[in-house]
Amino acid sequence: MFKGFFISGTGTDVGKTIISAVLVKKLGADYFKPIQCGKNILCETDSDLVKKLCPKVKIYSESYLFKSPVSPNIASQIEKKKVELKEILKIKKEKIDNKIIIEGAGGLQVPINEEYLMSDVAKKFNLPLILVAKTSLGTINHTLMSIQIIKEKKINFFGIVFVGTNIEKTINTIRLFSEKILKKKIKIIGIIPKVKKVTRKSVDNFAKLLDIK
């Protein structure tokens with residue numbers, strides 16, 4: 001059986017890759033980033049970063065690796081290579097005994113081609129979805145919009161990881177309205193502080209802050 005979690009965020013640069021690395025460490029899971037668009041300032045892909053932070057992790061190669069740091073549909077147009085959903089889903093046929101962390105690109109409503117959005121990819125994998133959200137200004141709107149999409153598409157939702165300062169009123173507001181939207185209790189998996197540089201040691205420390213098995 002295909003086991004693990006699908007990681008999405010309320011937008012770009014919310015901390016999905018760091019949270020993915022933390023989950024890989026905590027769960028002893030494998031890692032897969034289906035679509036990579038561009039690299040960071042150190043010329044690393046997200047897979048490179050996860051490997052650096054969790055050296056023992058098994059990483060599955062990207063289905064698509066694009067040079068431009070833009071949405072997948074635009075990146076694929078630039079390189080004249082269409083993203084096919086069936087290509088991304090091939091990994092489901094692999095014999096994977098471990099849990100696997102699958103990291104989406106951008107937020108849930110980022111297009112991967114002219115037909116599908118990242119939320120459709122999450123829906124197809126049907127793994128419990130973990131939403132990564134900031135605690136800074138603007139997060140209430142972005143998080144609740146993401147929760148609304150999760151409801152409308154009936155995505156298998158597990159809970160939220162917050163990145164940033166523990167702003168209790170903001171988190172409680174998101175919890176309250178998320179539960180109104182989904183009509184059920186939601187799980188706050190943990191709150192991870194934002195740091196200037198993430199190291200293997202900080203990943204180990206962050207893993208202790210997440211309520212997940």
- Item | Taking segment 112-176 and dividing mean pair separation by its residue count, relative contact order in percent (alpha carbons under 8 Å, at least six apart) | 42 percent
- In whole Å, what is the distance between the alpha-carbon centres of segment 32-67 and segment 143-213? 23 Å
- Query: Quick one, which of (1) 1.02; (2) 1.11; (3) 0.94 is the actual Rg/Rh (Cα atoms, Kirkwood Rh) calculated for this model?
  - Reply: (3)
- Message: Under a Cβ-only charge scheme (Lys and Arg +1, Asp and Glu -1), can you give me the dipole magnitude of segment 123-213 about the Cα centre, in debye to the nearest 20?
- Response: 220 debye
- Message: Under the 0.36 nm per residue contour assumption, what length would be gained going from the current alpha-carbon distance of residue 97 and residue 115 to full extension?
- Response: 3.3 nm
- Task: Before rounding to the nearest 500, sum -39500 (n - 2.57) across all DSSP H runs of length at least 4 in the chain and divide by the residue total; then give [θ] at 222 nm in deg cm²/dmol.
- Result: -10500 deg cm²/dmol
- Query: So which lysines pass the test for residue 67, namely a Cα distance under 16 Å, with those fewer than 8 places away in the same chain ruled out?
  - Reply: 33, 39, 80, 81, 82
- Residues of the chain: accessible area per residue with a 1.4 Å probe, Å²: 53 Å²
- Message: Quick check for you: which residues of segment 95-124 have the amide N under 12 Å from the point 7 Å beyond the Cα of residue 1 toward its beta carbon?
- Response: none
- Message: Quick check: net charge around residue 19, other residues with Cβ under 11 Å of its Cβ, Lys/Arg +1 and Asp/Glu -1?
- Response: +2
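The values are calculated or read from the model by the stated rules, or taken from the named source; none is laboratory data. Here the structure is a predicted model, which is why all the values come from computation and not from measurement. Virtual Cβ from ideal backbone geometry, glycine too; neighbours counted across all protein chains shown. Heads up: the accessible areas ignore ligands, DNA and RNA and are worked out on the full protein's heavy atoms, side chains in. Shrake-Rupley method; radii C 1.70, N 1.55, O 1.52, S 1.80 Å.
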